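Below is one structure; the comments refer to it alone.
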Amino acid sequence: MPEYKGKDITIQRFISQSTGKNEYLLISGHEAACIDMIDSFDNLKVTLGKNRAELKYVLATHAHKTRVTAVDHLKTNFGGKFYLHEYDHELLEPSTPKPNRYLKDNEILQLGNIKIRVFHTPGHTKGSLSFWLEQVGIIFTGNTFVKGGHGKIWGPKSMSLIVFSLKRLNYNLPEETLIYPGDGELTSMKEEAWVNCLRSA
């Protein structure tokens, strides 16, 4: 069953068998985007086929190996353009295809009838991204925002960046916004009301 099914978009969550991390497939009309796809290729193929959809975007919330290891396979077997933030370019291994281009903060990607707004949310990595579907009230946060907290950080500078990113998301997103994280269970801005305390931090 889809994780979310609405008038303009269907969202399917897969759980990576090798890492246990979340992978997402978004379909609007006959266009699809995957976010942080790792190894659920059979599920991806079946779902695309059922929806007669073609993969338009291969999106990565950040460039740690687990999040981009499948890019070559995806581009070769399913197509799609690989997008990343330029600050994470240095994390890519030589075997990973170069991004078709780099995404910028507040950029809008069109997927069928849905607009995907790009937020630069550094902290877990310098180039971490979140993808906001304002029309349906859903955001994909990678390892920036997870249920009950945030992703792994690497020291004081990383901490200050992720606090800034969480404050920004809290300021911009309505409380009913659903959060689809890179790890763990789904949550919402309302459930994560603790971030309100960061506004004065």
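FYI, it's all coordinate maths here, none of it is from the lab. Just so it is clear, the structure is predicted and the values come from calculations on it, not from any experiment. Reconstructed Cβ throughout: ideal geometry from the backbone, glycine too, with neighbour counts over all protein chains shown.
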**Q.** Segment residue 164-residue 50, extension gain: residue separation times 0.36 nm, minus the distance between their alpha carbons
**A.** 37.0 nm
**Q.** Which labelled figure in [x] 25, 20, 15; [y] 29, 21, 17; [z] 33, 19, 16 is semi-axes √(5λ) of the Cα gyration tensor in Å, once derived from the coordinates
**A.** [x]
Q. How far, in nm, would the chain grow between residue 3 and residue 86 when pulled straight, counting 0.36 nm per residue and subtracting the alpha carbon separation?
A. 26.9 nm
Q) Among bridges DSSP assigns within the chain, what percent are antiparallel (round to 5)? A) 65 percent
Q. For segment 82-172, which trypsin sites (Lys or Arg not before Pro) are both in a DSSP coil and crowded by at most 14 other Cβ atoms within 10 Å?
A. 104, 147, 152
Q: With r as the distance between the Cβ atoms of residue 19 and residue 153 and R0 = 25 Å, compute the FRET efficiency 1/(1 + (r/R0)^6) and round to 0.05.
A: 0.80
Q: Neighbouring Cβ atoms within 10 Å as the yardstick, rank 11, 116 fewest first.
A: 11, 116
Q. Okay, helix-only estimate at 222 nm for the chain: each DSSP H run of n ≥ 4 adds -39500 (n - 2.57), divide by all residues, round to 500 deg cm²/dmol; what do you get?
A. -6000 deg cm²/dmol
Q. Helix 41-51: angle to the longest alpha-carbon principal axis of the chain, degrees 0 to 90, nearest 10?
A. 70 degrees
Q) Using the Cα atoms of segment 1-92 to build a convex hull, what is its mean projected area in square nanometres? A) 5.7 nm²
Q) Which cross-chain or sequence-distant (5 or more) residues have an amide H under 5 Å from the amide H of residue 84, H modelled 1.01 Å from N in plane? A) 101, 103
